[in-house]
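Everything on this sheet refers to the single structure shown next.
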Amino acid sequence: MRRRPFRTVLRSLATTALAGLLVWPGATTAQADSTPPAGAASRAAAAGAAPELLLGQSTRAAWDDFNSFGQNADGGSVYYELRSGNWVNDAHRAYATLLADQGKTVQIGISWKDNPPGFEGGDENAKAARSRAVTAEIAAGGHTAALDRLLAFTNAHPTARFKLRLDYEVSSFYHCTDASCSSYKNAFNRLAGYLDGKSTAHNLDYVFHPVRGEFEAMYPGDAAVDWMGVSVFAHELCLPIYDRGYLYNGTPPQNYDTGTSQCRNAYIGTDQAGNPAAVWRNFDHDANVLKLVKFAKDHGKPVVLSEAGMMNFTADGTTTDGLEQTRGDLWVKRLFSLMNYQGPIPNMAGQYDLRGVIRSVVYIDLDFRYGWDGIDDGSFDFPPDSTWFVDGRLSRYTAARASFCQGLAANGFTARCR
């Protein structure tokens, strides 16, 4: 669907607004007037359409694995970087081309934090400092020419749809130069405005993909954001992983129930007398993920699970098969239950219906034992006892694959299993 013609104007206004936020005349920051925000048509289409299954995160190996037992996936996910002004490598470009030539959806992570322009080496703190500086440079209008190769590609494929993550898993550490994070908010608006202004195919959507705990503080504003993204690995579904031989689940030990593999959090309920009180409950989903989905719903944004994949759920640090038959099945079931969540949210009063907010799922259907692109070069890139040492291909898991196929059908995906 073509973008509304006034969208680029809105993005320009949002870029200069305080902290990158646009407030409609006569409206408070909490409630805008009835004028539809930019991207409303795209979001309305997303809300009424079947949810998407995208296959990631980098090469056609993910596409091929799903198609060994399934069909009709909606697209995939790849990466592009500002530093080189190009795809991360030829495999990413080839996968994007395969999908775009079929008119599919392509999620593209436009990165600068992983390899910032002008960064010539140093520790992670030095890299983060340069990434923050690049963010400020983007906000001031820099680095836009690095997107011209990408624009040529998207314009050459007018029947495809592109979800552009303006960097991914963004955080204050890598993207904010001050407490308000105006640097990232304005950078997001600046890049979206530039891309909109140069797009002749009008087939671009913009994804705000933060780390779980910083979505509200870094939000670029309703005028700029089409989708909210979140990563879903192990912590997000309250499952334990094994890293270098020890159990880790991403939450403090006192907030985790090892017997049920659930996060243990307090939420605002009532005591026996009916008075408001903190009540302890075990959850299948991380509190920050639930809050992000609620935030997206409150702002009228669909959610894309921009990165979703299994991790190392086995305690055996010597195995190299990566098989996760039991934990992988539970992970898949919790992934789909997140799409249909109804209930309390930790540290918040009331009950919440979050069904239908998540409209797109990117499953990383790759063998991570060989590295981030899942390419088998004959040697493993990760030690057997590391978090990422896992074969995430659904074709390898009888129970998890069956649950995944059931989840696709039950949730109305166009993608189905044969």
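Taken together, the values in this text are just the output of simple stated rules run on the coordinates, not laboratory data. No experiment lies behind these values; they were computed from the predicted model shown. Every residue, glycine as well, gets a Cβ built from its backbone with ideal geometry; the counts of neighbours run over all protein chains shown.
Summary of computed values
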| read-out | value |
| --- | --- |
| Where N is the number of residues in the range 159-239, Cα Rg divided by 2.2 N^0.38 Å | 1.16 |
| Hypothetical label at Gln325: residues of the range 389-418 whose amide nitrogen lies under 17 Å (7 Å Cα-Cβ projection) | 391-404 |
| Nearest-0.05 FRET efficiency for His202 and Asn115, computed from C-beta distance (R0 35 Å) | 0.75 |
| Distribution of pairwise C-alpha distances over the range 262-303, 10 Å bins, in % | 27, 36, 32, 6 |
| Sites Asp376 and Asp298 - FRET efficiency at Förster radius 35 Å, r taken between beta-carbons, to 0.05 | 0.20 |
| Efficiency of FRET between Ser337 and Thr260 - r from beta-carbon atoms, R0 25 angstrom, step 0.05 | 0.95 |
| Longest to shortest principal axis, alpha-carbon extents of the range 303-418, angstrom | 50, 38, 23 |
| Contour minus Cα-Cα distance for Arg416 and Phe173 (0.36 nm per residue) | 83.5 nm |
| Measure of compaction for the range 111-221 (Cα Rg per 2.2 N^0.38 Å) | 1.07 |
| C-alpha center-to-center spacing [the range 119-159, the range 230-262] in angstrom | 33 Å |
| Burial ranking of peptide ranges 334-345, 164-175 (average Cβ count within 10 Å, highest at the top) | 164-175, 334-345 |
| Cα gyration tensor, the range 199-295 - rounded (a/c under 1.5), prolate or oblate | oblate |
| More than 33 angstrom apart: percent of Cα pairs within the chain | 32 percent |
